[in-house]
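The values are calculated or read from the model by the stated rules, or taken from the named source; none is laboratory data. Because the structure is a prediction, the values reported are computed rather than measured. As a convention, Cβ positions derive from the backbone with ideal geometry for all residues, glycine included, and neighbour counts pool all protein chains shown. Note: areas computed on protein heavy atoms with side chains; ligands, DNA, RNA excluded. Shrake-Rupley method; radii C 1.70, N 1.55, O 1.52, S 1.80 Å.
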Amino acid sequence: MKTRLFNIQSVLLLAAFCCFLACKEQKEKQVEPEPLVQYEESASVLPIDKLKLPEGFKIEVFADSIDGARSMAMGENGTLFVGTRNENKVYAIQDRDKDFRADRVVVIDTTLEMPNGIAYNNGSLYVAEVGRLLRYDNIESQLDSMPKPTVVYDDYPTEFHHGWKYIAFGPDEKLYVPVGAPCNICDSTVTDKRFASITRMDPDGSNREIYAHGVRNTVGFTWHPETKEMYFTDNGRDMLGDDIPPCELNRVTEAGQHFGYPFCHGGVVKDPEYGDQRPCSDFIAPVQALGAHVAPLGVKFYTGNMFPEKYKNFAFIAEHGSWNRSKKVGYKISLVQLEDGKSVAYDTFLEGWLDEESQERFGRPVDLLFLADGSLLISDDFGDAIYRVTYEGEQLASN
C-alpha cells in the first residue's frame, strides 16, 4: 500500500513540475528582447557655444550619446556608420526625417576588438579590428536583423599598441589598411615588414602589398580630388620633450616610398636611438610639419559648394590633442592650403574644445566627413558626439 501511495505522489509531483516548466517557457516566449540602443532626439548638454569658427560658420550637434565615436563612413542610402576604439562597438546612425539631427541609432556589434576602422563600398560595410577585417554585406537593408559578417582576412599583426586601424577605399578601388608600429620607437620591421606601413589590397583581401613604409601611426588618410595622390597624417614619437618631433601631413606620389620612421621624424629630426643608421635625406619629408603632439587623425579635402570658394581643396585635419605634454595642444580642426602639392599655409579653422587657461577639455575631434550638401561632420570620442558644421554667410545666399 505504501509503495502504491509513493508512486501516486511521484506522478503528481512530476506532473506539477512539468506544468511549471511549460508555464515558465510560455512566459519567457512572451518577453520581447530590448533594443540595444534606445535613442531619443533631445537637446545636447555639450557646451558648443565655446567652439570658435570663422565668421559665417555655425556648429550644431548631429548626434550625441555615441560612446567613443571615431571613424565615420556614409552608406549610399544615408546611414552614417561610426567605429570606436575602446568601446568595441560599431554604430549605424540615421536621420530619417532629414532635419540634420540623428533620430535613430543601431548598434551593429558589441563584441569587436578595437573596431576603429570602417569603410563603405558597393553596399558593404568593412570593419577593421586589430588583426582581422570583416565585411557586412547589404548592410543598410539588414540593420534590424544583422547576419554574421564575412571574414575578409584574419592574419594581420595582433599587437594592440597602435593596433587600431583607419581604413578607406582609394580611387583605384583598393582598400588601404595601415599597420602601426607596436611601440613608441623601435625598428619593428625586422620582425614583420608590415609594421609601420600602409598596406593595400583588393576588396576581397587578395593581392595585398605594402604601399608606404616608415609610417609610425596613421589614423587618417584621403586622396587629393584632382591629383588622386594619397595624403595621410602621422603621429610623431613621444618622450623627446614638449616641442619635438612634429606630427606630420604626408603626400604619397608613388608606391614604395619611405617616410622616415624610426630613423627620422618630421623630415629633419634625427632619432636619438636610430638616427645614425640612415640620414633624413633618405626619406620623403612631410608636406606640412604639424605641431608636436597635436595627434592629427582624420584628414579630408573640401570639394563641396556650401563653404566659401577659398576653402576648395583645402585639407581639413582633426587634431585629437596631446596626452603627454606639460601644456596641452591640439584639440581643434586645422587647415592646410596646398599649391602644386606643397603647403603654403597651416591655420586653425575650429577650436574651443580645450580651455587654454584651465587646461580642461570637453571634446577631442577624431574624424571628418563632408556631406552631399557641403556641410562637415566631426566625430568626438571624448564628448561622445557627432557635430555638423555649416556655412550661413552671404556666399550661401548668393549661390
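What does the highest-first list of 202-213, 279-290, 171-182 look like by mean Cβ count within 10 Å? Walk me through the numbers on the way to the answer.
Details: 202-213: 15.8, 279-290: 17.9, 171-182: 20.8.
Ranked by mean Cβ neighbours within 10 Å, highest first: 171-182, 279-290, 202-213.
If a/c stays under 1.5 just call it rounded; otherwise compare a/b with b/c (prolate if a/b is bigger, oblate if not). Do that for the range 277-399, with a ≥ b ≥ c from the square roots of the Cα gyration tensor eigenvalues.
oblate
Applying 1/(1 + (r/R0)^6) with R0 = 45 Å to the Cβ-Cβ distance of ASP99 and ALA345, what FRET efficiency is obtained, to the nearest 0.05? Provide the component values of the computation, followed by the final result.
Working: r = 35 Å, r/R0 = 0.78.
About 0.80, to the nearest 0.05.
How high is the FRET efficiency between MET74 and LYS310 when r is their beta carbon distance and R₀ equals 25 Å, given to the nearest 0.05? Show your work: numbers first, answer last.
Details: r = 25 Å, r/R0 = 1.01.
It comes to 0.50.
Leaving out ligands and nucleic acids, note down the accessible area per residue over the range 34-155 with a 1.4 angstrom probe, in whole Å².
Values: 5840 Å² over 122 residues.
Roughly 48 Å² per residue, with all protein chains present.
Select from the range 267-344 those GluC sites (Glu not before Pro) which occupy a DSSP coil region and have at most 16 other Cβ atoms within 10 Å, ordered by residue number. Display every interim value, and only then the final one.
Values: sites: GLU273, GLU309, GLU319, GLU339; in loops: GLU273.
Passing sites in the range 267-344 are GLU273.
Based on the Kirkwood radius over alpha-carbon pairs, what is the Stokes-Einstein translational diffusion coefficient of the range 200-241 at 4 °C with 1.567 mPa s viscosity, in µm²/s?
Estimated via Stokes-Einstein, D reaches 102 µm²/s.
Taking the Cβ of ILE210 as the center, what net charge do the other residues with Cβ under 10 Å away carry, scoring Lys and Arg +1 and Asp and Glu -1? Please report the intermediate quantities before stating the final value.
Numbers: positive: LYS193, ARG194, ARG200, ARG208; negative: GLU209.
Cβ neighbours under 10 Å give a net charge of +3.
Just the accessible area per residue of the range 245-399, please: how many Å² with a 1.4 Å probe?
It amounts to 41 Å² per residue over the range 245-399.
Kirkwood Rh, the range 38-141, all Cα pairs: how many Å?
In the range 38-141 this quantity evaluates to 14.8 Å.
Under the 0.36 nm per residue contour assumption, what length would be gained going from the current alpha-carbon distance of VAL107 and ASN207 to full extension?
32.8 nm
Using helices alone, I'd like the mean residue ellipticity at 222 nm for the chain: each DSSP H run of four-plus residues gives -39500 (n - 2.57), total over residue count, nearest 500.
-3000 deg cm²/dmol
Can you tell me, using C-alpha contacts under 8 Å and at least 6 residues apart, the relative contact order of the range 296-384 as a whole percent? Before the final figure, lay out the partial values.
Working: 192 pairs, mean separation 23.9, N = 89.
The value is 27 percent.
So which of LYS50/LYS327; LYS228/LYS300; LYS98/LYS312 end up more than 24 Å apart, counting from Cα to Cα?
Too far apart for the 24 Å limit: LYS98/LYS312.
From a point 7 Å beyond the Cα of THR303 in the direction of its Cβ, which residues of the range 199-225 have a backbone N at a distance under 19 Å?
220-225
When the accessible area of the chain is split by element with a 1.4 Å probe, what percent falls to carbon and sulfur?
49
From the residues VAL190, THR79, GLY260, which one has its Cα farthest along the dipole of the chain in the positive direction, the dipole being from +1 and -1 charges on Cβ of Lys/Arg and Asp/Glu about the Cα centre?
In the chain, that residue is VAL190.
Mind listing which chymotrypsin sites (Phe, Trp or Tyr not before Pro) in the range 56-141 are in a DSSP loop and have 16 or fewer other Cβ atoms within 10 Å? Write out the running numbers ahead of the final one.
Details: sites: PHE57, PHE62, PHE81, TYR91, PHE100, TYR120, TYR126, TYR136; in loops: PHE100.
Those that pass, being in a loop and sparsely packed, are PHE100.
Take the alpha carbon atoms of the chain, find their radius of gyration, then divide it by 2.2 N^0.38 Å using N residues; give the quotient.
Expressed relative to 2.2 N^0.38 Å, the Cα Rg reads 1.18.
Say R0 is 30 Å: what FRET efficiency, to the nearest 0.05, do SER141 and GLN257 get from their beta-carbon distance?
Computed FRET efficiency for SER141 and GLN257: 0.15.
How much length, in nm to one decimal, is gained on full extension between ASP242 and LYS148, taken as 0.36 nm per residue of separation minus their Cα-Cα distance?
29.2 nm
Sequence gap at least 6, Cα distance under 8 Å: using those rules, report the relative contact order of the chain to the nearest whole percent.
The normalised contact order for the chain reaches 14 percent.
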